[in-house]
Structures are given as structure tokens and as C-alpha cells.
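The structure appears right after this line, and notes come after that.
The values are calculated or read from the model by the stated rules, or taken from the named source; none is laboratory data. In this text the structure is predicted, and so the values were computed from the model without any measurement. Because the Cβ atoms are built from the backbone with ideal geometry, glycine has one as well, and the counts that use them run over all protein chains shown.
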Amino acid sequence: MQYDHILIRYGELSLKGKNKKQFISQLKKNVKQKLREFPDIHIIRARDRMYIKLNGQDHEPIIEKCREVFGIQSVNLALRVENSLDKIKEGALFALNEAGNAKTFKITTKRPNKSFDVPSQEMNQVLGGHLLSNTEGITVDVRNPDVEIRVEIRNDATYIMAGKIPASGGLPVGTTGKTLLLLSGGIDSPVAGYLAMKRGVKVEAIHFHSPPYTSERAKQKVLDLAKSLTKYGHEIRVHIVPFTELQQKIFREIPEGYGMTVMRRQMLKVSERLAKQEGILSLTTGESLGQVASQTMESMNAINEVTNYPIIRPLVAMDKVDIIDISRKIGTYETSIQPYEDCCTIFVPKQPKTRPSREKIHQFEDPVDFSEDIDKILRNIETITFTEHEQQSDDFGDLL
Ligand code: ATP
Ligand code: MG
């Protein structure tokens with residue numbers, strides 16, 4: 001006997017009323033995509049859950065992959081047996097033995113299939129008795145058992161499960177629209193992208209690159225980060241923006257203390273233009289209130305003035321240590337801490353204004369016309385697409 005199914009429980013999406021169907025079909029698509037390298041498995045979608053029929057495939061790597069798919073609350077190994085009392089007894093004993101060192105157990109039976117003639121309560125007792133008389137040193141504890149064995153008698157068969165493995169939660173990527181993530185090489189923005197995806201958002205990334213002030217290695221780092229994020233969102237397009245000329249112009253034309261604020265404003269303008277062009281309805285950044293000079297309330301007010309696009313800031317109220325924890329967990333930290341500088345650190349003034357006002361910014365920025373520079377930038381964006389299972393596409397092969 002061996003576990004032959006994995007049961008997938010939906011998280012929040014089971015609450016979504018009439019959108020539920022669309023959510024479940026997106027989830028199924030995402031699970032299928034994720035498990036592409038296991039052609040023998042079969043995914044079965046039920047109203048309130050999904051099953052993966054393993055067909056002899058080892059369950060461990062599949063469970064690990066399922067835990068990376070947003071929209072899944074928990075997974076379980078399950079044994080499918082026919083609806084016969086003997087088979088169910090045998091299955092329950094198997095599940096208890098598989099549970100390792102459990103000293104106490106509890107049986108919970110559900111019987112959606114009312115034509116099966118042993119009621120749930122009675123089934124709990126029959127199975128409990130069977131397990132007690134076939135094991136030694138194990139007792140029943142209904143309040144706080146080491147292992148809960150769940151028996152579900154459904155129309156097609158009975159499923160027997162023990163334990164519950166938590167997964168990522170969230171909503172299936174692709175169910176809540178698209179965002180354009182401003183992706184730097186730092187710690188924060190990849191985490192912001194991950195958290196946006198967790199809410200079901202599909203992410204495209206934009207990165208501002210300023211060669212020769214920033215190196216190919218710095219750009220490669222950003223591409224590596226994007227590639228890491230495909231684990232959670234399957235496909236990510238990265239738009240690399242040639243930012244050098246515009247940055248030099250800011251450096252020339254704007255008093256030093258205000259350069260950073262003006263640069264951020266131009267970044268948002270370019271991002272909004274690109275988002276519009278691509279039919280994307282929001283921007284996402286890794287900003288966190290009070291973290292650096294550009295993230296004071298005054299800076300955010302001055303920077304945000306240039307766009308009325310919604311800006312998603314998943315990290316806005318988070319502490320750096322908690323952001324770092326997530327970045328370690330999702331596997332972006334080691335890449336993020338590589339020392340290649342990005343465009344912002346190079347042009348950073350020695351003393352940026354931490355409290356820029358909109359009035360002052362207008363005084364310095366209004367006389368300078370950036371519109372042609374932005375048009376030119378948009379014409380020269382380079383786009384690279386990453387998918388989880390493949391190398392990047394587009395004309396970029398020589399970099400990797
Ligand atoms: P991060 O760790 O994400 O780099 P940070 O703490 O270094 O963030 P800033 O440098 O102020 O903070 O950047 C704030 C946000 O602006 C970043 O989280 C990112 O979303 C965006 N950003 C910064 N630099 C770039 C860049 N070169 N290209 C695209 N987006 C950028
Ligand atoms: Mg940064």
C-alpha cells in the first residue's frame with residue numbers, strides 16, 4: 001500500500017462567489033504548469049479541492065512544488081480506497097503507521113456519500129477500535145492528538161489522509177490583473193514582487209540601467225532576480241530601460257540635493273508610460289516608509305505627484321528584518337546582496353534633501369524639458385522574457 005494522491009486545499013479563493021470558477025481554473029493551469037516535468041500525474045479538479053493522482057510518481061518533489069503555488073492553502077497525502085469497510089480499515093491503519101512516531105491519534109470521518117451505510121460517528125468508533133487492536137502503545141486523544149486521520153467517504157471512493165502540510169496561501173497568479181514592478185538589484189523590490197504575486201497579480205518588471213556607470217554584472221543581477229521570481233509567477237518579462245542620458249541630464253540641470261527626487265519622478269513617468277503601452281494598470285515598488293531619504297513622507301509625496309496610477313507598496317509598513325526574512329525564504333537574498341551598484345547609488349548626492357517640497361521641485365524641474373528623453377528611452381527599451389522551465393528568450397543570449 002502507498003499514498004497515491006495529493007489533495008490540494010484552496011485558500012481564500014473558496015470565498016470568491018461567482019469568480020470562483022475562474023479562480024479554480026487559473027489555479028489548475030498554474031499547478032499544471034508547475035508540474036510540467038511530471039507527465040504521468042493527473043490533476044483532478046473538484047468543486048472544493050483538487051487531487052493529483054500520482055500514478056506511481058514520488059510524492060515529495062511534487063509536494064514541494066505545490067507549496068510554491070499561490071492559491072493553495074495546504075496539501076495532504078491521500079490514499080484512495082474503494083468504499084468498503086475492510087479497505088477503509090486497512091487504509092486507516094496504513095495512515096497511522098505512516099505517521100511515524102505518533103503516540104496518540106484521532107479519527108475524523110466525513111460522509112458526503114450518504115448511500116454508504118455506516119454513519120460518520122459510528123465509523124470513527126469502528127476505525128478507532130481497529131487501530132487500537134492492531135497497534136501497541138498508541139491511544140486515542142480527541143483533543144490534542146499527535147495525528148489526525150481523516151476519512152472522507154465520497155461517491156467515487158474513500159480518501160484517507162493524515163497530517164496537513166501548509167502551503168503559500170494567497171490567490172492564484174493571473175486572477176487579479178497585472179502590475180509593473182520597479183525592480184532594482186536590492187533586497188526589497190524582489191520581495192515586493194513576490195508579495196504582489198501572492199495576491200494573484202501577474203508581474204512584469206522594469207529596470208533602469210545606466211551603463212557605463214552601472215556594469216553588465218549589475219544588470220545580470222537584476223535578470224537573475226527576475227528569473228528567481230518565475231518560481232512563483234511562472235513567466236516574467238523584464239524591460240531594461242537605458243537611463244544614462246536622462247540621469248546625466250538631471251545631474252547637469254538640477255541642483256544636487258534635489259537630483260534624487262527628480263530622478264525618482266522620471267522613473268515613475270517612464271514606468272507609467274510603459275505600463276499604459278502594455279495595458280498594465282498599476283505599478284509596484286519596494287519602498288518602505290522611513291527606510292532611506294527617498295522614502296520619507298515628504299519624498300513620497302513629491303515623487304508620487306507625477307502619476308495617478310495606483311502604486312502598490314507591499315513593504316510600506318514592514319521592518320527591514322522581516323523583509324530580509326522573506327527574501328531568504330524565497331531565495332532572492334543571496335543574489336540581492338551581491339555588491340554590484342545600481343543607477344541610484346551612483347548618482348546619489350552626498351546630501352539628498354530628505355524633505356523635498358513639491359513647490360521646490362517644480363521650481364527646479366519645470367524649466368527642464370525631459371519629454372524627448374523619455375520618448376527616446378521608450379523607443380530603446382530591451383525586453384527579455386523568463387519562464388520557470390526555460391532560459392530567457394529574446395536577443396540576449398550572450399549575457400548568460
Ligand atoms: P531595493 O532594495 O528594492 O533596491 P531600496 O531600499 O534600495 O530598495 P531605493 O533605492 O530607495 O530603496 O528604491 C526604492 C524602490 O525604487 C525600489 O524598491 C524599487 O522598486 C525602485 N527602484 C530603485 N532603483 C531602481 C532601478 N534601478 N530600476 C527599477 N526600479 C528601481
Ligand atoms: Mg536599491
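Numbers for the structure displayed
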item: Residue that is farthest from the chain's Cα centre (by Cα) [pool: residues in region 239-261 that are within 14 Å of LYS360 (Cα to Cα) and within 14 Å of ligand 1 (Cβ to nearest atom)]; result: GLY259
item: Count of region 3-46 residues which are over 18 Å from the mean Cα position of the chain (by Cα), in contact (Cβ under 8 Å) with a residue 12 or more places away in the chain and closer than 20 Å to ALA78 by Cα; result: 11
item: Qualifying residues in region 160-191 (those that are out of contact with any Gly (no Cβ under 9 Å at 6 or more places or on another chain) and away from ligand 1 (no atom under 16 Å from the Cβ)) - the one modelled with the lowest pLDDT; result: GLY163
item: Restricting region 275-303 to residues that are part of a helix (DSSP H, G or I) and under 23 Å from the mean Cα position of the chain (by Cα), the residue that is nearest to ligand 2 (Cβ to nearest atom); result: ALA275
item: Residues of region 262-295 that turn out to be among the acidic types (Asp, Glu) and buried (at least 21 other Cβ atoms within 10 Å of the Cβ), as a count; result: 1
item: Listing of helices (runs of 4 or more DSSP H) fully contained in region 158-261 that carry 2 or more residues being over 20 Å from ARG313 (Cβ atoms) and in contact (Cβ under 8 Å) with a residue 24 or more places away in the chain; result: 216-233, 244-253
item: Pair list, Cβ under 6 Å, 6 or more apart: region 276-287 residue under 7 Å from LEU180 (Cβ atoms) and of a type outside the set (Gly, Ala, Ser), other residue part of a loop (DSSP other than H, G, I, E, B) and more than 7 Å from ligand 1 (Cβ to nearest atom); result: LEU283/TYR309
item: Complete set of residues in region 159-188 that are aliphatic (A, V, I, L, M), away from ligand 2 (no atom under 16 Å from the Cβ) and under 18 Å from LEU281 (Cβ atoms); result: LEU171, VAL173, LEU180
item: Pairs, first over 15 Å from VAL140 (Cα atoms) in region 103-116, second of a type in the set (Lys, Arg), C-beta under 8 Å, six or more apart; result: LYS110/ARG150; PRO112/ARG154; ASN113/ARG154
item: Whichever residue in region 189-220 is in contact with a helix residue (DSSP H, G or I) (Cβ under 6 Å, 6 or more places away or on another chain) and more than 25 Å from LYS376 (Cα to Cα) and, among such residues, is farthest from ligand 2 (Cβ to nearest atom); result: MET197
item: Among the residues listed as GLN57, GLN26, the single one being polar (S, T, N, Q), in contact with an Asp or Glu (Cβ under 8 Å, 6 or more places away or on another chain) and surrounded by 13 or more Cβ atoms within 10 Å (Cβ to Cβ); result: GLN57
item: Of all residues making up region 192-206, the number that are within 16 Å of ligand 1 (Cβ to nearest atom) and within 11 Å of the chain's Cα centre (by Cα); result: 8
item: Enumeration of residues in region 222-238 that are within 14 Å of ligand 1 (Cβ to nearest atom) and modelled with pLDDT under 95; result: none
item: Residue within region 327-347 that is in a loop (DSSP other than H, G, I, E, B), out of contact with any helix residue (DSSP H, G or I) (no Cβ under 9 Å at 6 or more places or on another chain) and more than 16 Å from ligand 2 (Cβ to nearest atom) present; result: no
item: Check on TYR232, of a type in the set (Phe, Trp, Tyr) and farther than 30 Å from LEU35 by Cα; result: no
item: Test: residue in region 52-73 that is basic (Lys, Arg), in the same structural domain as GLU90 (by the TED database), outside any loop (DSSP other than H, G, I, E, B) and touching a His at 6+ places or on another chain (Cβ under 8 Å); result: yes
item: Residue within region 35-46 that is at pLDDT below 95 and either under 15 Å from THR158 (Cβ atoms) or part of a helix (DSSP H, G or I) (or both) present; result: yes
item: Single residue of region 63-77 satisfying the filter (among the β-branched types (Val, Ile, Thr) and in contact with a strand residue (DSSP E or B) (Cβ under 6 Å, 6 or more places away or on another chain)) that is farthest from GLN2 (Cα to Cα); result: ILE72
